[in-house]
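Structure, as structure tokens:
The values are calculated or read from the model by the stated rules, or taken from the named source; none is laboratory data. Just so it is clear, the model here is predicted, and its values are computed rather than measured. We place every Cβ from the backbone using ideal geometry, glycine too, and count neighbours over all the protein chains shown.
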Amino acid sequence: MDVDVFVTQPIPQPGLDLLARAHPGFRINTEERVLEHSELLERVRGAAGILALLTDRVDAEVLDAAGPQLRIVANMAAGFDNIDLREASARGVMVTNTPGVLTDATADLAWALLFAVARRVPEAERFLRAGRFRCWGPLLFLGADVTGRTLGVVGAGRIGSAVARRARGFDMKVLYCNRSPRPGLETGLGVRKVPLEELLGEADFVSLHLPLTPETRHLIDARALALMKPTAFLVNTGRGPLVDEAALVEALAAGRLAGAALDVFEREPEVHPGLLARDDVVLTPHIGSATTSARARMAVMAAGNLVAGLRGERPPNLLGGETWEKKRPRE
Ligand code: GLV
């Protein structure tokens, strides 16, 4: 009999097609909404494989609710802070993610946000749509230069590095901080690894590309914001809790920062009312990887990981390989 597979929400068709070929009887929540935690506990019961999204909190309770036959949780996201990896590993459950396929899409969005906030694009558009554009004005919507300025990339993994590489096209100086040096990035002139404090003090644009961990939560707090130039902008396409939103609102209100562009939030889908109220803040609903092709590739990758794991193979994007070694089927 086919093993039970549960998909927590509709995902792009190529991923579903792949799943259907291997597990034609897979179950899916067909509603386009995040299941309540209690519903998730109910729906995962009996599953050997769960295809989860970053909005699903897969904790010890969910792992236990699924039952001891659970072998793999395939997350359709690069980030996996929604999954308790330690609890999964303790139960011999494999966890996978979808790195690489959303790098360009997310780096592109970081740049879109950077430009949007620097040149006040959403604010200017709101003005026009409100019928307030009477004529060209020498003082109308003056923004900040991007070309030739300094970009600070915090976290130079795949996405951070892709963001940094794009800065070449705008003749920018690039500072980055990362645990380990990225020699590949430093081939261009003006790309330098610096401590976070130095980056914050020098950059005109600070873009965040770190995973969310207990160490990176609120990395950008009141103290970090105070180090930034009052003319600088903060861009976040990583994870919301990297930034202390209350401290950000305070810094903006006090004129200690020029603006912020955020795709991710501390308590999604809630957005701090202090951010919603400000024109110097650009807000998008966590769409970093939202291109048709990136999402299709994420779906295929997540489904491929799940199918491989259930077949007893090592999934290509396995996190923390020790679990697999432990559960590896005997030859
Ligand atoms: C999106 O936020 C992802 O982690 O894939």
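Observations on the structure shown:
- Condition met for Leu212 (more than 16 Å from the ligand (Cβ to nearest atom) and either in a loop (DSSP other than H, G, I, E, B) or under 27 Å from Glu270 (Cα atoms) (or both)): no
- None of Gly143, Gly160, Gly155 is surrounded by fewer than 20 Cβ atoms within 10 Å (Cβ to Cβ) and not hydrophobic (A, V, I, L, M, F, W, C) except Gly143.
- Helices (runs of 4 or more DSSP H) contained entirely in segment 106-202, each with at least 3 residues that are farther than 28 Å from Ala226 by Cβ: 121-129, 158-166
- Whichever residue in segment 163-181 is touching a Ser or Thr at 6+ places or on another chain (Cβ under 6 Å) and over 13 Å from Leu210 (Cα atoms) and, among such residues, is surrounded by the fewest Cβ atoms within 10 Å (Cβ to Cβ): Asp171
- Set Ala203, Ala222: member being in contact (Cβ under 8 Å) with a residue 40 or more places away in the chain and over 29 Å from Leu85 (Cα atoms): Ala203
- The set of residues in segment 298-319 being in contact (Cβ under 8 Å) with a residue 40 or more places away in the chain and among the aliphatic types (A, V, I, L, M) consists of Met298, Ala299, Val300, Met301, Ala302, Ala303, Leu306, Val307, Leu310, Leu318, Leu319.
- Among residues of segment 8-32 that are assigned by TED's automatic domain parsing to the domain that holds Val307, those with a beta-carbon under 8 Å from a residue that is of a type outside the set (A, V, I, L, M, F, W, C) and assigned to a strand (DSSP E or B) at least six positions away or on a different chain give the pairs His23/Gly49.
- Residue ranges of helices (runs of 4 or more DSSP H) in segment 19-105 with at least 2 members more than 16 Å from the ligand (Cβ to nearest atom) and surrounded by fewer than 14 Cβ atoms within 10 Å (Cβ to Cβ): 37-43, 85-90
- Residues that are in contact with a Leu (Cβ under 8 Å, 6 or more places away or on another chain) and within 19 Å of Val121 (Cβ to Cβ), drawn from segment 136-166: Val146, Leu151, Val163
- Residue check, Val206 in a loop (DSSP other than H, G, I, E, B), more than 16 Å from the ligand (Cβ to nearest atom) and within 16 Å of Ala261 (Cα to Cα): no
- Pair list, Cβ under 7 Å, 6 or more apart: segment 234-258 residue basic (Lys, Arg), other residue part of a helix (DSSP H, G or I): Arg256/Leu225; Arg256/Ala226
- Counting residues in segment 282-298 that are outside the structural domain of Ala124 (by TED's automatic domain parsing) and within 30 Å of Pro68 (Cβ to Cβ) gives one or more.
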